[in-house]
1. Take every Cα-Cα pair in region 118-186 and report what % of them are more than 15 Å apart.
2. Taking the mean number of other Cβ atoms within 10 Å as a proxy for protection, how do you rank 191-202, 222-233, 131-142, 78-89 from highest to lowest?
3. With the cut-off at 20 Å, tell me which of the pairs Lys18/Lys103; Lys64/Lys151; Lys100/Lys186; Lys109/Lys154; Lys103/Lys186; Lys18/Lys260 have Cα atoms farther apart than that.
4. Express the C-alpha Rg of region 48-107 as a ratio against the empirical globular expectation 2.2 N^0.38 Å, rounded to two decimals.
5. May I ask you to derive the relative contact order of region 124-235, considering only C-alpha pairs under 8 Å and at least 6 residues apart, and to give it as an integer percent?
6. What's the extension gain from Met180 to Leu228 if we count 0.36 nm per residue and subtract their Cα-Cα distance?
7. Looking at [x] -0.33, -0.61, -1.16, -1.41; [y] -0.39, -0.65, -1.04, -1.25; [z] -0.24, -0.48, -1.06, -1.34, which value of log10 I(q)/I(0) by the Debye sum over Cα atoms at q = 0.07, 0.10, 0.15, 0.17 Å⁻¹ comes from a calculation on the structure shown?
8. Give me the extension gain from Ser261 to Leu116: residue separation times 0.36 nm, minus the current Cα-Cα distance, reported in nm with one decimal.
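Computed from the coordinates by the stated procedures, all read-outs in this text should not be read as laboratory data. The structure presented is a predicted model; accordingly, all values stated were derived computationally and were not measured. Virtual Cβ from ideal backbone geometry, glycine too; neighbours counted across all protein chains shown.
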Amino acid sequence: MEVQNRGLIGSLTHSIHKKAELFESSWVRYAVRAMLACLFLSLGVSIASYIAHKADHLWDGTGKFAYSFMFSWSLIMIIYMNAELGTSNMMYMTTAIHRKLLKPMTAVKILLVCILFNFIGAVIVTYIVSLTDAYTNIASDHYLLEATVAKLSKTPLQQFAEGILANVVVNTAVFCSIRMKDDAGKVIAMLFIVYIFAFLGFEHVIANFSTFSLAYWTTGGAVEHLTLPNVLSNFLFSGLGNYIGGGICIGLLYSWLNEKSNLYFD
């Protein structure tokens with residue numbers, strides 16, 4: 001049996017072929033699945049920020065604990081609802097190129113379309129959220145706005161470094177969801193793994209699509225440091241870091257680790 005057809009790599013190969021088949025047969029349906037990813041991600045950011053704000057007012061300092069727990073449900077919704085997330089596709093598409101499962105241009109096209117429609121989905125969904133009672137006339141010290149200011153105050157190097165670690169964590173959670181058979185075990189594992197990057201405040205470019213868009217819609221852009229150059233800079237450096245973390249440190253590395261041995265494979 002070929003190594004490529006076993007274990008983790010076999011599962012990745014199957015998922016890559018599914019993504020490519022959907023993209024080639026109907027890129028519109030693929031784009032909708034990418035938008036759905038930011039429906040669930042934006043809902044996660046919204047409820048996490050809302051509960052964190054309430055928690056901080058009940059007991060100062062507990063907001064971050066509450067935010068990280070509630071945000072972790074975003075990835076669970078994305079995986080179980082078969083949505084397409086750009087940061088996990090960084091891992092899938094890099095693996096596809098390394099194993100020659102897809103032509104490089106096809107893999108890059110799938111990834112870029114996914115990220116673009118993640119962004120479009122985030123903008124649309126967060127606008128709808130901004131019209132709800134929970135996010136109408138929010139206070140200037142709201143957890144969402146303070147988190148936005150903190151993210152945009154980081155240096156490009158911090159954003160890049162945190163982007164690497166964020167996507168190592170996210171794709172580790174994706175790997176666990178692939179390897180584990182029991183649904184309860186998958187949920188628990190993903191909750192605690194994603195909690196790592198959420199609590200440490202690492203930079204996830206797709207999550208930032210939702211965070212910055214919601215902050216903009218709820219305030220009309222009246223947030224410190226929330227300017228187009230700052231936002232684009234964050235997207236660039238956190239996105240590059242995400243690619244290194246998910247695409248290289250996880251996707252390429254594990255594809256390479258599983259190339260030769262017939263016994264030691266994932």
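1. Of the Cα pairs, 73 percent sit more than 15 Å apart.
2. Numbers: 191-202: 19.2, 222-233: 13.8, 131-142: 12.1, 78-89: 22.5.
Sorting 191-202, 222-233, 131-142, 78-89 by mean packing, highest first, produces 78-89, 191-202, 222-233, 131-142.
3. Correct reply: Lys100/Lys186; Lys109/Lys154; Lys103/Lys186; Lys18/Lys260.
4. Cα-based Rg divided by the globular estimate yields 1.72.
5. 42
6. Extra length available between Met180 and Leu228 comes to 13.1 nm.
7. Matching entry in [x] -0.33, -0.61, -1.16, -1.41; [y] -0.39, -0.65, -1.04, -1.25; [z] -0.24, -0.48, -1.06, -1.34: [z].
8. 48.4 nm
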